[in-house]
1. Tally the DSSP beta bridges in the chain and give the antiparallel ones as a percent, rounded to 5.
2. Using the Cα centre of region 274-379 as the reference point, and only Cβ charges (+1 on K/R, -1 on D/E), how large is the resulting charge dipole? Debye, rounded to the nearest 20.
3. Just going by the charge dipole of region 174-239, with Lys and Arg at +1 and Asp and Glu at -1 on Cβ, which of Ser182, Ala210, Cys239 is farthest out on the positive end?
4. Select from Gly203, Gly107, Gly323 the residue whose mean-square fluctuation is largest in a Gaussian network model of the chain (Cα-Cα springs shorter than 10 Å).
5. At R0 = 45 Å, how high is the FRET efficiency between Arg305 and Arg372 if r is their beta carbon distance? Nearest 0.05 is fine.
6. Given the rule -39500 (n - 2.57) for each run of at least 4 DSSP H residues, summed and divided by the residues of the chain, what is its mean residue ellipticity at 222 nm, to the nearest 500 deg cm²/dmol?
7. Give the residue from Thr33, Gly107, Ile340 lying farthest towards the positive end of the charge dipole for the chain; charges sit on Cβ (+1 for Lys and Arg, -1 for Asp and Glu) and the dipole is referred to the Cα centre.
8. Treating only the Cβ of Lys, Arg, Asp and Glu as charged (+1, +1, -1, -1), what charge dipole size does region 278-328 show about its Cα centre? Round to the nearest 20 debye.
Amino acid sequence: MAKKLNVGIVGLGYIGKTHAQAYQSIPFCFPSTLVSADLKAVWRTSLGRDDAFIQECGFDIKTTDLDEFINAPLDLVDICTPTGMHTAYVLAAAKAGKPIYCEKPLGKDLADARKMKEAADQAGILTRVAFVMRFYPAIRHMKSILDSGELGDVLNFRTHLFHGSYLNPLRPMSWRLRFEQSGGGAFSDLGAHILDLVQYLLGDVHSLRAEMHTFIKERPSKAGSTHVETVDVDDWASCSLQLRNGVVGLVEAARTAVGVPESTTFQVFCQHGSLIFNGHSPELLTIHDIRKNTTLQSPVVDQSREAEREISKLWPSGKMSLGAFLNAHLACQYDFMQNIIDGQPSSPDFSDALKVQEMLEAAYLSAAQGGRQILLPLD
């Protein structure tokens with residue numbers, strides 16, 4: 001019989017609901033589930049919303065009282081609040097000795113991220129940050145090929161993550177459009193995923209330069225309002241990176257990509273060929289080998305690595321697929337739950353998230369200084 005973990009979710013907006021759905025779907029996606037989630041408690045700033053959803057999830061405890069939430073019999077605290085609110089809940093969960101699953105990026109700035117990692121380290125708890133793109137099967141396949149060196153040395157890379165969701169100038173203000181609450185715009189929101197993939201696939205960053213623009217500088221305070229607020233986060237960002245191993249590359253993120261509701265690519269160019277990931281086909285990797293003069297879309301070759309489960313044991317099969325977005329969240333959450341049961345840490349954890357936070361901080365510093373080169377790590 002599968003072991004069961006009591007899960008508490010902090011915040012139940014869009015991403016909180018996504019996490020809840022992923023937890024509940026685990027037993028339906030795997031014939032021999034190793035661990036399942038009992039959604040035990042939910043914390044919200046206010047109750048009275050989404051009552052039907054909360055009831056369907058089966059939460060025993062529904063509260064606005066953080067102490068009541070933290071003192072519940074929880075095996076895992078999942079933090080889904082706006083980024084600027086992560087710190088308070090991470091510190092409370094760490095103090096209580098609860099394993100923590102946290103949305104990305106870890107904090108709104110490097111100081112907060114360092115504080116959270118230090119608290120988790122002192123508490124000796126397991127941590128996970130929702131860099132879910134690591135769990136796309138094609139990304140795992142790409143890492144296996146890069147680690148093997150079969151295409152020779154990596155020369156350069158190019159990657160982007162585009163959304164079109166903020167193109168409408170009448171879209172009202174939200175926490176994502178206020179730097180104090182979010183820590184950044186498109187580059188923090190979307191670029192964090194890509195920066196994590198860079199370090200996962202290719203290695204640590206030595207230096208970077210960034211350029212950012214805000215195209216829609218004012219937005220309504222709320223829907224239908226004539227009162228406007230100033231937007232102080234980026235709509236678009238481009239960042240050039242040099243890795244410690246000499247590899248160079250470009251990262252681009254935008255939330256105003258016309259006609260592209262969502263587009264993600266990650267291209268790696270090597271001595272003997274290239275690897276191309278496209279978010280529209282997360283289970284197929286395009287491999288070009290100049291020695292064989294071949295280009296093929298390869299299904300995933302599942303290989304185990306130290307401290308990393310085979311992706312076939314985490315990613316739902318075609319018949320049970322929830323769609324790539326939910327599949328990735330489910331895989332990341334299911335993996336972490338197994339780590340808790342086994343008492344074994346694995347990436348992406350707060351250490352990985354801290355490196356991403358440092359890159360984000362350096363990028364915003366570079367952009368503010370006209371694209372000056374910033375060396376990592378930051379002091």
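The values are calculated or read from the model by the stated rules, or taken from the named source; none is laboratory data. Remember, predicted model here, so these are calculated numbers, not experimental data. Every residue, glycine as well, gets a Cβ built from its backbone with ideal geometry; the counts of neighbours run over all protein chains shown. Ligands, DNA and RNA are stripped out before the accessible areas are found, and what is left, the full protein with its side chains, is counted by its heavy atoms. Shrake-Rupley method; radii C 1.70, N 1.55, O 1.52, S 1.80 Å.
1. 65 percent
2. With Lys and Arg at +1 and Asp and Glu at -1, about 440 debye.
3. Checked the options; the winner is Ser182.
4. Highest fluctuation of the listed residues: Gly323.
5. So, using R0 = 45 Å, E works out to roughly 0.75.
6. Only helices count here, giving -9500 deg cm²/dmol.
7. Thr33
8. 100 debye
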